Amino acid sequence: MKIRRFFISNFSRVDGGGRKPQPKAFVVCFAWVFGGGLALLVAVNYWADTANVFHRKLDAADRAAEILAAGRNLGMARNLDDRLVQREYLQRLERTPEVISLGSSRSREISAAVAPPNLRFFNHGVNGGGLEDVVAVLGLYMQRRALPALIIWSVDPWVFNPQFSDPRWRSLADSYQFAAAKIGIDRKQQSPADRLKDIGVRAELLLRLDSAIEIIGNFIDGKGPHQMLAQKVKAVDGDTWDRLLVYSDGSFRWGPSILQRTADEVARYGREAAEKGLLRSIHDYRQLDPNAQEIFEKIVQFLGANGVQLVLFLPPYQPDAYSGMQARGGYQGVGRTENWLRAIARRRGIPLLGSYDPKRAGCGRGDFVDAHHPRRRCINRILGPVATRFGR
């Protein structure tokens, strides 16, 4: 009743015919309320800047790199800009690793266990990694004039898909452009279209209601920037963290809830992913992008010319997901990518280990945490020969 009286008294007027609505007053009031709420939403998200986009301050990527560079394990409560972690980590090292791995999250369980024991190893895999990420990380090493002695390059089929695009590599745009100039590939200066995309990303971050609610809740609980940072990343001893853990060598250990999935559960995920086109950036992928092929060959040639030993790794897909690809159209590019990479490896004398086909790779149903990601034991079996072949 009170709400009804409020609207009657404020948004209607009395004349000879009784009370009549005043739509203009209602619109003005609504605009003030909506505008004030929107301004508060934007102000909160801008102040907290959880993605570290608007202003430089206490940042999870800095803290994460600090923990890893100190030789400790990193507990992560949520995602952060893993590209920036690569840069900040290397900046904190006096001596860079001699052996590294490059790739996407499908390579993140590659660990020091597969590297020659007398050489320092670090996993530089990033979520959704593409060719630009490989070039950008190489650029970080080139800027220090210290290319690794050995690189394990985990190559995903989507990097050759003409439809694939992931702008997250731009966090390392400077090192990408530095390396691109040395390798002789497109430096990818930011275009007007790219700038529009960046504006869209920033607008989306500012208008996230769930993020603002969480930030306000933390503030009410007395948690300022330092405490909120501690919620995201934490130095961990051993395997005691109950969520995603990054070991000091950069390799992942998935959270217990993921690791405890049964083979049957994962098989169901695999079938659904293939049926519904949920396999990252490879659904409706039929032909390789000639430009991506050229960039790949130039990177390989550059590494060889600079004395870097290279191992190509093809991480397998979960068996039910791979069978689903074979049974349905639209995934022909996966097999064609593998055939092309094998031909390149033979021609250049580069070791190639693994296969997108889990049967050929020697990994079964119990060797995956989902449709995309092989477990550590699968990866260790495939990459076991690396330590023997390249050990000094």
Margin query: Among the residues that make up the range 312-322, is at least one of them within 30 Å of Ile185 (Cβ to Cβ), assigned to a helix (DSSP H, G or I) and not hydroxyl-bearing (Ser, Thr, Tyr)?
Written below: no
In the set Val311, Val266, the lone residue that is hydrophobic (A, V, I, L, M, F, W, C), in contact (Cβ under 8 Å) with a residue 60 or more places away in the chain, out of contact with any His (no Cβ under 6 Å at 6 or more places or on another chain) and farther than 27 Å from Ile100 by Cβ is Val266
Given the conditions (1) modelled with pLDDT of 95 or more; (2) open to solvent by less than 10 Å² (accessible area, probe 1.4 Å); (3) touching a Pro at 6+ places or on another chain (Cβ under 7 Å); (4) within 19 Å of Gly128 (Cβ to Cβ), every one holds for Ile282 apart from (1)
(request) Say whether the condition of being assigned to a loop (DSSP other than H, G, I, E, B) and either within 16 Å of Asp249 (Cβ to Cβ) or of a type in the set (A, V, I, L, M) (or both) is met by at least one residue in the range 128-143. (result) no
Of Asp367, Asp357, Asp284, the only residue that is over 22 Å from Thr262 (Cβ atoms) and out of contact with any Asp or Glu (no Cβ under 9 Å at 6 or more places or on another chain) is Asp284
Restricted to the range 338-357 and to residues being part of a helix (DSSP H, G or I) and of a type in the set (D, E, K, R), the residue nearest to Gly304 (Cα to Cα) is Arg348
Result of the Cβ filter at 7 Å on the range 276-296, keeping first residues that are in contact (Cβ under 8 Å) with a residue 60 or more places away in the chain and partners that are part of a loop (DSSP other than H, G, I, E, B) and hydrophobic (A, V, I, L, M, F, W, C), at least 6 apart or interchain, is Leu279/Ala371; Ser281/Phe164; Ile295/Ile185
Flag if Leu131 is within 18 Å of Gln309 (Cβ to Cβ), at pLDDT 95 or above and not hydroxyl-bearing (Ser, Thr, Tyr) = no
Contact list, first residue from the range 356-371 and acidic (Asp, Glu), second anywhere and open to solvent by 30 Å² or more (accessible area, probe 1.4 Å) and assigned to a loop (DSSP other than H, G, I, E, B), beta-carbon distance below 9 Å, six or more apart or interchain, is Asp370/Arg261
Only one of Gln163, Gln177 is more than 18 Å from Ser101 (Cβ to Cβ) and in a helix (DSSP H, G or I), namely Gln177
Exactly one of Arg92, Arg120 is surrounded by fewer than 23 Cβ atoms within 10 Å (Cβ to Cβ), over 26 Å from Arg375 (Cα atoms) and not β-branched (Val, Ile, Thr), and that one is Arg92
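To keep it simple, each residue is scored yes or no on (1) acidic (Asp, Glu); (2) over 18 Å from Gln86 (Cβ atoms).
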| position | (1), (2) |
| --- | --- |
| Ser104 | no, no |
| Glu109 | yes, no |
| Asn118 | no, yes |
| Gly129 | no, no |
| Leu138 | no, no |
| Gln143 | no, no |
| Pro148 | no, no |
| Val159 | no, no |
| Pro162 | no, yes |
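Residue by residue, here is whether (1) at pLDDT 65 or above; (2) touching a helix residue (DSSP H, G or I) at 6+ places or on another chain (Cβ under 9 Å); (3) open to solvent by less than 50 Å² (accessible area, probe 1.4 Å) holds:
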| residue | (1), (2), (3) |
| --- | --- |
| Ile3 | no, no, no |
| Gly37 | yes, no, yes |
| Leu40 | yes, yes, no |
| Trp47 | yes, yes, no |
| Lys57 | no, yes, no |
| Ala60 | yes, yes, yes |
| Arg63 | yes, yes, no |
| Asp82 | yes, yes, yes |
Considering the range 247-269, residues that are open to solvent by 60 Å² or more (accessible area, probe 1.4 Å) and hydroxyl-bearing (Ser, Thr, Tyr), and then whichever is nearest to Leu74 (Cα to Cα), we arrive at Ser257
Those residues of the range 323-337 which are part of a helix (DSSP H, G or I) and open to solvent by 10 Å² or more (accessible area, probe 1.4 Å) amount to Ser323, Gln326, Ala327, Gln332, Gly335, Arg336
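The values are calculated or read from the model by the stated rules, or taken from the named source; none is laboratory data. In this text the structure is predicted, and so the values were computed from the model without any measurement. Heads up, the Cβs are rebuilt from the backbone with ideal geometry, glycines too, and the neighbour counts pull from every protein chain shown. Accessible surface areas use protein heavy atoms only, side chains included; no ligands, DNA or RNA. Shrake-Rupley method; radii C 1.70, N 1.55, O 1.52, S 1.80 Å.
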